[in-house]
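First up is the structure itself, then whatever we jot down about it.
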Amino acid sequence: MHTVLGANGPIGEELTKELYRTFTHDIRLVSRNPTKIHDTDQLVKADLTDPGATERAVEGSEVAYLTVGLPMDSELWERQFPVMMRNVIDACAKYGTKLVFFDNTYMYPGTSTPQTESTRFEPNGRKGRVRAEIATMLLDAMAAGRVDAVICRAPEFYGPGKTKSLTNSLVFDRIKAGKRPFVPVSAKTARSLIWTPDASRAMALIGNTPDAYGRTWHLPVDPHRRTYAQLIQMAEEVAGRRIPYTVLPLAFFTLGGRFIGPLGEVRELLPRYREDNVFDSSMFTKRYPDFAVTSYRDGIAELLG
């Protein structure tokens, strides 16, 4: 039994499809209101902040994949993410279940220094501190031998379906709707973006590779990093039309955050838009040389098709 905790999000859904397609049909989907993707999926309603519910969700699982996402709300993250991680670790330890944790890069410093699996945690905001806390919680449990686990870390998303990110909402969603795209902070800095189906496929592969456990992996990205100007130029070529854009400066988010909650919530992430954001996934590429990474051009073509 492979169990997806947080099955309704974009990563969980794509992960479930890849597990079914490549590894197993014995899949349990867990969320507050799970829905089937395949006829054989087993559904379990659970609130992972409840220890008992988490144990029932994990019981009988060979592998559990923690892919839970929460809205961009610092207070909610501080209240719920550490509790969820503690409950999932305890449940996996109790039942001898392997744990695959889908993580992000919010705890990394927002500098142009390339990010590798050994990059130190230097969060510069509340959400980054929460992500550092829960990643460290799991690393400590791994080091203590409590759980056999692996961390799969990804940079900012772009992708189809339910994918949510600044890049999707401000740039590609607006282009597809025929609206002028907004570029956060700078159109001239290089971006590291991950195609959400690639992230899920890679996580399924790692979770089914016994010797991959016990460490952190950076999930695969197109190594040819592009600026927003270059990404929009690709979109112009795909769409066959000129696409003018507007750059939203730091001041827009700083001032707007005083009146619009969501703008305030993204402010701590803005340093990674001001400078090059270089996410190094070469360790994955060396271990899995046959894994096909979606190029930015192919991803944009699918998004705008």
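Name the residues in region 82-107 that are in a helix (DSSP H, G or I) and over 17 Å from ALA57 (Cα atoms), would you? Matches in region 82-107: PRO82 only.
Let's see how each residue does on (1) hydroxyl-bearing (Ser, Thr, Tyr); (2) surrounded by 22 or more Cβ atoms within 10 Å (Cβ to Cβ):
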site: PRO71; (1), (2): no, no
site: VAL88; (1), (2): no, yes
site: PHE101; (1), (2): no, yes
site: THR116; (1), (2): yes, no
site: PHE121; (1), (2): no, no
site: GLY125; (1), (2): no, no
site: GLY128; (1), (2): no, yes
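Take the conditions farther than 17 Å from ASP280 by Cα, surrounded by fewer than 19 Cβ atoms within 10 Å (Cβ to Cβ), of a type outside the set (Lys, Arg) and not assigned by TED's automatic domain parsing to the domain that holds ALA91 and apply them to ASP173. Does it pass? Yes.
Among the residues of region 176-204, the ones that are of a type in the set (Phe, Trp, Tyr) and crowded, with 22+ Cβ neighbours inside 10 Å come to 1 in all.
For region 244-305, which fully contained helices (runs of 4 or more DSSP H) count at least 3 residues that are closer than 17 Å to ARG153 by Cα and modelled with pLDDT of 90 or more?
Details: elements: 250-256, 261-266, 271-274, 282-287, 296-304.
Answer list for region 244-305: 282-287.
Right, PHE284: farther than 18 Å from THR105 by Cβ, crowded, with 20+ Cβ neighbours inside 10 Å, touching a helix residue (DSSP H, G or I) at 6+ places or on another chain (Cβ under 9 Å) and not assigned by TED's automatic domain parsing to the domain that holds ILE151 or not?
Numbers: farther than 18 Å from THR105 by Cβ: no; crowded, with 20+ Cβ neighbours inside 10 Å: yes; touching a helix residue (DSSP H, G or I) at 6+ places or on another chain (Cβ under 9 Å): yes; not assigned by TED's automatic domain parsing to the domain that holds ILE151: yes.
No; evaluated as a whole, the condition is false for this residue.
Against the numbered list (1) over 15 Å from the mean Cα position of the chain (by Cα); (2) assigned by TED's automatic domain parsing to the domain that holds GLY299; (3) under 26 Å from ASN8 (Cβ atoms), LEU138 comes up short only at (2). Report yes if PHE121 is touching a residue at least 60 places away in the same chain (Cβ under 8 Å) and touching a helix residue (DSSP H, G or I) at 6+ places or on another chain (Cβ under 8 Å), otherwise no. Spelling it out, it is not the case that PHE121 is touching a residue at least 60 places away in the same chain (Cβ under 8 Å) and touching a helix residue (DSSP H, G or I) at 6+ places or on another chain (Cβ under 8 Å).
Looking across ILE151, ILE232, one residue alone is part of a helix (DSSP H, G or I) and either in contact (Cβ under 8 Å) with a residue 12 or more places away in the chain or crowded, with 16+ Cβ neighbours inside 10 Å (or both). It is ILE232.
Is it true that VAL88 is touching a residue at least 12 places away in the same chain (Cβ under 8 Å), within 24 Å of ARG129 (Cα to Cα) and in contact with a strand residue (DSSP E or B) (Cβ under 7 Å, 6 or more places away or on another chain)? Steps first, please.
Numbers: touching a residue at least 12 places away in the same chain (Cβ under 8 Å): yes; within 24 Å of ARG129 (Cα to Cα): yes; in contact with a strand residue (DSSP E or B) (Cβ under 7 Å, 6 or more places away or on another chain): yes.
Here the answer is yes, as VAL88 does meet what is asked.
Consider region 57-80 and keep the residues that are farther than 19 Å from MET1 by Cβ and among the hydrophobic types (A, V, I, L, M, F, W, C). The one that is farthest from the chain's Cα centre (by Cα) is LEU76.
Taking the criterion of being modelled with pLDDT of 95 or more, of a type outside the set (Val, Ile, Thr) and surrounded by fewer than 17 Cβ atoms within 10 Å (Cβ to Cβ), the residues of region 19-35 that qualify are ARG21, PHE23, HIS25, ASP26.
When the criteria are applied in full, THR119 meets the requirement of being farther than 30 Å from ALA239 by Cα and modelled with pLDDT of 95 or more.
The values are calculated or read from the model by the stated rules, or taken from the named source; none is laboratory data. As the structure is a computational prediction, the values presented were derived from the model and not from experiment. Cβ sites come from the backbone with ideal geometry, for glycine too, and all protein chains shown count toward neighbours.
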